[in-house]
1. Can you tell me which residue within segment 113-122, out of those that are within 15 Å of residue 132 (Cβ to Cβ) and without any contact (Cβ under 8 Å) to a residue 24 or more places away in the chain, is most open to solvent (accessible area, probe 1.4 Å)?
2. If a residue has to be among the β-branched types (Val, Ile, Thr) and closer than 16 Å to residue 37 by Cβ to count, how many in segment 57-109 make the cut?
3. Within segment 91-105, is there a residue that is aliphatic (A, V, I, L, M) and in contact (Cβ under 8 Å) with a residue 60 or more places away in the chain?
4. Please verify whether residue 71 is more than 10 Å from the chain's Cα centre (by Cα) and not in a helix (DSSP H, G or I), treating the condition exactly as stated.
5. Confirm whether residue 91 is of a type in the set (Gly, Ala, Ser), outside any loop (DSSP other than H, G, I, E, B) and modelled with pLDDT of 90 or more.
6. Name the single residue, out of those in segment 94-112 being assigned to a loop (DSSP other than H, G, I, E, B) and in contact with a helix residue (DSSP H, G or I) (Cβ under 6 Å, 6 or more places away or on another chain), that is nearest to residue 60 (Cα to Cα).
7. Name the single residue that is most open to solvent (accessible area, probe 1.4 Å) among those in segment 69-112 being among the hydrophobic types (A, V, I, L, M, F, W, C) and under 16 Å from residue 40 (Cα atoms).
8. Could you check how many residues of segment 113-126 are over 13 Å from residue 42 (Cβ atoms) and assigned to a loop (DSSP other than H, G, I, E, B)?
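The values are calculated or read from the model by the stated rules, or taken from the named source; none is laboratory data. Only a predicted model underlies this, so the values are computations on that prediction, with no experimental measurement involved. Neighbour counts run over all protein chains shown; Cβ positions are idealised from the backbone, glycine included. Calculation scope for accessible area: heavy atoms of the full protein, side chains included, ligands and nucleic acids excluded. Shrake-Rupley method; radii C 1.70, N 1.55, O 1.52, S 1.80 Å.
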Amino acid sequence: MDTVRPEYCRPEGVNMIEISRCNTPTDVFMVFIESILKDLVYQTNLYGTQKNKALRIQREDMLVFLGINFLMGYNRLPSYKDYWSTSDDLGVKLVSNAMSRDMLEKILIHLHCNDSTLLPTNNKDKLFKIRSIID
């Protein structure tokens, strides 16, 4: 049985009014990511609670986490832990000053897009865990 999804109530496509208020590429990115960001924070904290962890991840923490992941995509090091290295040839101060390695690991371990407890027993949707972002 297919799950019933709520209808999308906003107009399709880019909201030109919101985009016209943007002054930088970052502003444009934030228009697109804002609703996803709220869900990521909520679902990550929910998953932490389900695992008996009080994460208390905030919107800003998730933004920094995403920013660090973007940076790691183009400034590649042998291990993600190397970004916090005190070695001159490895550490990236921008990363270590923005977020502790423990906090990044906490988000990385608990990052969720959808409530796993709602996974139907006969689930046929291979993208269930990221469905909220796709939709």
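1. 118
2. 4
3. No, that holds for no residue.
4. Here the answer is no, as residue 71 does not meet what is asked.
5. no
6. Checked segment 94-112; the qualifying residue nearest to residue 60 (Cα to Cα) is 99.
7. The selected residue is 109.
8. 8
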